[in-house]
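Worksheet: the structure to be examined is printed underneath.
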């Protein structure tokens, strides 16, 4: 089992001047203890259903570019890019740039978007949910075409590209991995089955089992081997959890079919949290895996 770290909050002591140094230390610590992937949010306002919208929030891909320059092995993704936030052709170019400059360490995390307040606040169109899912599928198709040998046109319902030229091509082979976020059983998991290299869940172990049963049915319908899809899931443990508590929950998630647990960094001392809470369990997580 792998360990990934997600950073949903940048409310750290010291104000804006401390954000860069704190993030750099967090990323370097994550790399040193064996974290595989670091992810950040794709929001412009903090999520007001969890913390005040006025809390600090960084633009995701600029943030990952900074992380790339501070690390050597750590993989990076946005968890997850909202399809409404960037035109898909520009998104493919952005992820490609991160992949090239990081030496092949970028992944594409993408979803249908949901946070209406920030769209209205910054004047970004927020279409109905059915349209957002149509755009999500087209965006993935565009990225896949731009990462292929086909640089011809793309004609979709919502997007029309005269050329899908993407030079330089990604360093990742054969292309950056695609993670589709969300657990919607009718639409999201079908898109996972058709296109994704990985999926992400926020459910507990029984919830993950249910989602994977649905995903398995979608895979059967589209002729996909479900074992080819990496399953990642948030692990819900307190910041001061001990190794036994972490491993107990990780083992339950592994038994449900999870390959990678995602720990969330939300406290004021993220590097210290990694060193004290997670470093001791990383070697033991490696021995866990889906049954």
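Here, each number is a calculation from the coordinates, and none is a lab measurement. Keep in mind that this is a model prediction, so the values were computed, not measured. Quick reminder, even Gly has a Cβ in these numbers, built from the backbone with ideal geometry, and neighbours come from all protein chains shown.
Points to keep in mind about this one:
- Taking every DSSP bridge with both residues inside region 2-285, close to 5 percent are antiparallel.
- Cβ-to-Cβ counts within 10 Å put 157, 249 in ascending order as 157, 249, the fewest first.
- Region 229-291-region 98-120 distance, computed between alpha-carbon centres (Å): 23
- Exposure proxy ranking for 244, 239, 42, based on other Cβ atoms within 10 angstrom of each Cβ and starting from the fewest, stands as 244, 239, 42.
- Expected-Rg normalisation [2.2 N^0.38 Å, Cα atoms] applied to region 60-125: 1.19
- Cβ crowding within 10 Å, taken as a proxy for footprinting-reagent exposure, orders 228, 234, 169, 265 from fewest neighbours to most as 228, 169, 234, 265.
- Note: relative contact order over region 2-285, using C-alpha pairs below 8 Å and six or more positions apart, is 20 percent.
- Cα Rg, Dmax, the chain, angstrom units: 18.5, 55
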